[in-house]
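Data block below; observations after.
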Amino acid sequence: MSPLNIKKGSSSHSAYDLRDYHEQGTERHTLALIVDNEAGVLARVIGLFSGRGYNIESLTVAEIDHTGHRSRITVVTTGTPSVIEQIKAQLGRVVPVHDVHDLTTEGVAVERELALFRVVGKGDVRVEALRLADIFRAQVVDSTLDSFVFEVTGTSSKIDAFAELMRPLGLEELARTGVVALARGEIDAEIGMA
Amino acid sequence: MKQEQMTGAKMVVKALQDHGVDVVFGYPGGAVLPIYDEVFQQNRIRHVLVRHEQGAVHAAEGYARSTGRPGVVLVTSGPGATNSVTGLTDALMDSVPIVLISGQVPTFMIGNDAFQEADTVGITRPCTKHNWLVKETDRLASAIHEAFHVAMNGRPGPVLVDIPKDVQFASGTYIGPDAAQTGHYAPKVKGDIEVVTALAEAIETARRPIFYTGGGVINSGDAACKLLRQLVDKTGFPVTSTLMGLGAYPANGKNWLGMLGMHGLYEANLAMHDCDLMINVGARFDDRITGRVQDFSPGSVKAHIDIDPSSINKVIHTELPIIGDVAHVLEDLLKVWKSRGAKTDAPAVKEWWEQINEWRKIDCLKFEQIGSTIRPQYAIQRLEALTKDHPDRYICTEVGQHQMWAAQYMGMNDPKRWMTSGGLGTMGYGFPSSIGVQMAHPDALVINVAGEASWLMNMQEMGTAVQYRLPVKQFILNNERLGMVRQWQELLHGERYSHSWSEALPDFVKLAEAFGAKGIKVDDAADVDDGIKEMLAHDGPVILDCLVERHENCFPMIPSGEPHNKMLLGEAADTDNAIKEAGAVLV
């Protein structure tokens, strides 16, 4: 047996980090990247995911600080804990990436997604669609005599659920923004308007 | 800092001069003509005209790896840029600092499928650390300064600055390197002192320790190599190295085990497998090193010193990860370990050495030269014997069996003396690389150990060597085969030698002469020494065509998909079915 004081397979990340790095369970993580708003930065991030075989479940990007030329990219990805760690390390190497935050592990985060639904129908189904939309606090943003466009904001699962309900009621078209997320509580200066 | 107005083309040359660049490897073309015009009108930077842009990047790699300074390349748009992609990828894999300046079609023509237009920043995005398309002349100077900063800081690597022709012609404000904004790219160089202390503790109690060192030690600089040597000598621990790290610890040092890995030495691999403390200094657990990951050194605690956070826990889980520059971390480690009394478990380490010496008795590199057919190992051994005492020797290699034999039989006693394509395995790397080394060290002995197939991949650079009177020695082990491919076909494809030989090889002596160089041919073991001496004596580029045994295999070898302790030692070993189905899918 090794006489060394370090336990084999232990991790120096934290004494409370009880994850087993050899287990192969897949996790879903929401990452927030603060990047320079320059040509090609999104291609660098996406190219890293495709080139190294990582998953992208959803991705949103927009400028958040015009004078500072900063954009925020929110990526929802899945992978084993070791793959997630590798994704974060690889993202951290990209020169125009300033910060990589794992909102799934850094405390609690609020996640929201916006979706637009075109639902076409007449009579009872139309009434039912409108009633369900009300329950989901959906906004009616466009209406004709035989169609609605609903706007729903919420978690991804809420949007999934609404889509399932609308499908038999004449759902014709659906557009989703992908997830945006912010850490709850006191603002971390680095993750805000850097 | 004084601000000056000048054209973009002039800015390029001025910026290179401000970074102390003395040599540029390049090839002109329409989209870089303004820059070439500025190169023409100055004398501080020498331009080396290569014969193919791939050669330019490899030459710059040779220059960079033998000096520790960035290698600079200048190419045109379109094919100029695409031809350099292999070199950039090679430099990325082996962490070589390269600054490549490429011309681009004018900004107003980008996207129109203009003549010699290619999406250069798009194509090179995955094979550079970072790249820039500069669309305003005012941004050009800062982009070039940032490029040098990114190439040289953190884990070194290639960068590319793409400059449209109208940006080269237009005037703008030049700012000096000190005024440029480079601050935000600042990788951490100091290691976490708590983990460094934990490693010092581990060194005190380890019974079967080993240093496993890599190219990161050499990239970190001469100070890192000195500190490594100190640490190894003071602890008395054995040390092995990857292909990229040869020379960081001297091959004639008493704790040296030789190279490890797929074709590494038996004692080095068994020591890695059986150790209880593995101290990885600037290496990255490459698959050529680990073999079967699940069985890699199963009983050891692993420490990993690396400047690149993404190298940590990528392949092998590490109990003691230290993110930082090797020199900084080793300095702290030595300080902490000494302040705690500089202790080791000497009796246990002595026993460990006894075990290692038992393994050494296998003498895994032994071979016999019988008869007149030259065995490639013999040729390399003689080359080593006749050149090892040269005060200023540099060795380049191509890729394949000869590369492994050179790593096994030649000893590097200093860093930056060994130029080889490790990560990407680029055939055709060695010859242009030797040109770059010789440009940086005009009076040194520069030898490229090559195979005939690799050498032919960039043979056009013979023109460059002759034009610039670079006395590079091309030592070609000619087995008329793609030796390593042939070996794998023998071991795992039922000896079906699919396209692993060429029937129309040139006469290398005539080829050398056609370029105005010297050619020597040796095909008898008795003549090897004379051939080598004649090669060394010639003051100019020279090819030694050394015809060797055609069916020699490179041993020892860890068959793919097997752990370190399952090495094949030689022809006597049972090589039938040595590689199982699961291993055959690996390369």
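Among the residues here, B:Phe515 qualifies as among the hydrophobic types (A, V, I, L, M, F, W, C), in contact with a helix residue (DSSP H, G or I) (Cβ under 9 Å, 6 or more places away or on another chain), open to solvent by 50 Å² or more (accessible area, probe 1.4 Å) and at pLDDT 95 or above.
Checked against the criterion of being farther than 30 Å from B:Tyr36 by Cβ and part of a loop (DSSP other than H, G, I, E, B), the candidates B:Ala248, B:Ala223, B:Ala198, B:Ala202 yield just one match: B:Ala248. Within region B:125-141, the set of residues being within 19 Å of A:Asp36 (Cβ to Cβ), open to solvent by less than 20 Å² (accessible area, probe 1.4 Å) and away from every other protein chain (no Cβ under 11 Å) comprises B:Leu140, B:Ala141. With respect to B:Phe211, determine if the residue is of a type in the set (Phe, Trp, Tyr) and either within 12 Å of chain A (Cβ to nearest Cβ) or part of a strand (DSSP E or B) (or both). Criteria met by B:Phe211.
Checking the structure you have, find out if any residue of region B:290-306 is away from chain A (no Cβ under 14 Å), open to solvent by less than 20 Å² (accessible area, probe 1.4 Å) and out of contact with any Ser or Thr (no Cβ under 6 Å at 6 or more places or on another chain). The answer is yes; a qualifying residue exists.
Taking first residues from region B:515-542 that are without any contact (Cβ under 8 Å) to a residue 40 or more places away in the chain and partners that are in a loop (DSSP other than H, G, I, E, B) and open to solvent by 50 Å² or more (accessible area, probe 1.4 Å), the Cβ contacts under 7 Å between residues at least 6 apart in sequence or on separate chains come to B:Lys518/B:His538. Residues in region B:15-28 that are over 29 Å from B:Gly247 (Cα atoms) and surrounded by fewer than 20 Cβ atoms within 10 Å (Cβ to Cβ): B:Gln17, B:Asp18, B:Pro28. Pairs linking a residue in region B:161-184 that is outside any helix (DSSP H, G or I) to a residue that is modelled with pLDDT under 95 and among the acidic types (Asp, Glu), with Cβ atoms under 6 Å and 6 or more positions apart or on different chains, are B:Tyr174/B:Glu4.
The residue of region B:307-323 that is surrounded by the fewest Cβ atoms within 10 Å (Cβ to Cβ), among those that are farther than 24 Å from A:Val95 by Cβ and at the interface with chain A (Cβ under 9 Å from one of its Cβ atoms), is B:His317. Of the listed requirements (1) surrounded by 18 or more Cβ atoms within 10 Å (Cβ to Cβ); (2) among the charged types (D, E, K, R); (3) touching a helix residue (DSSP H, G or I) at 6+ places or on another chain (Cβ under 7 Å), B:Glu452 misses just one: (3). Pairing residues of region B:490-512 that are at negative phi with residues that are β-branched (Val, Ile, Thr) and not in a loop (DSSP other than H, G, I, E, B), at Cβ distances under 8 Å and at least 6 apart in sequence or on separate chains, gives B:Ser500/B:Val485; B:Phe508/B:Ile476; B:Phe508/B:Ile543; B:Val509/B:Ile520; B:Val509/B:Ile543; B:Leu511/B:Ile543; B:Ala512/B:Val542; B:Ala512/B:Ile543.
The single condition among (1) exposed (fewer than 14 other Cβ atoms within 10 Å of the Cβ); (2) touching a strand residue (DSSP E or B) at 6+ places or on another chain (Cβ under 6 Å); (3) among the charged types (D, E, K, R) that A:Asp124 does not meet is (2). In this structure, does B:Ile193 turn out to be open to solvent by 20 Å² or more (accessible area, probe 1.4 Å), closer than 15 Å to B:Val326 by Cβ, modelled with pLDDT of 95 or more and among the β-branched types (Val, Ile, Thr)? For B:Ile193, the condition - open to solvent by 20 Å² or more (accessible area, probe 1.4 Å), closer than 15 Å to B:Val326 by Cβ, modelled with pLDDT of 95 or more and among the β-branched types (Val, Ile, Thr) - is not met.
Scanning region A:104-121 for residues that are open to solvent by less than 80 Å² (accessible area, probe 1.4 Å) and within 15 Å of the chain's Cα centre (by Cα) yields A:Thr104, A:Thr105, A:Ala109, A:Val110, A:Glu111, A:Glu113, A:Leu114, A:Ala115. Considering B:Ala206, B:Ala224, B:Ala202, B:Ala198, the condition of being away from every other protein chain (no Cβ under 12 Å) and touching a residue at least 60 places away in the same chain (Cβ under 8 Å) is satisfied by B:Ala224 alone.
Where helices (runs of 4 or more DSSP H) fall entirely within region A:41-148, those with at least 1 residues that are modelled with pLDDT of 95 or more and within 14 Å of chain B (Cβ to nearest Cβ) are at A:41-51, A:81-93. Per the conditions (1) open to solvent by 10 Å² or more (accessible area, probe 1.4 Å); (2) closer than 30 Å to B:Pro442 by Cβ, the sole criterion not satisfied by B:Gly531 is (1). In region A:140-164, of all residues being of a type outside the set (S, T, N, Q) and under 17 Å from A:Gly123 (Cα atoms), the one that is surrounded by the fewest Cβ atoms within 10 Å (Cβ to Cβ) corresponds to A:Leu145. Among residues of region B:1-44 being of a type in the set (Val, Ile, Thr) and under 25 Å from the mean Cα position of the chain (by Cα), the one that is nearest to B:His441 (Cα to Cα) is B:Val23.
The values are calculated or read from the model by the stated rules, or taken from the named source; none is laboratory data. Keep in mind it's a predicted model, so treat the numbers as computed, not measured. Cβ sites come from the backbone with ideal geometry, for glycine too, and all protein chains shown count toward neighbours. Keep in mind that these areas ignore ligands, DNA and RNA; they rest on the heavy atoms of the full protein, side chains included. Shrake-Rupley method; radii C 1.70, N 1.55, O 1.52, S 1.80 Å.
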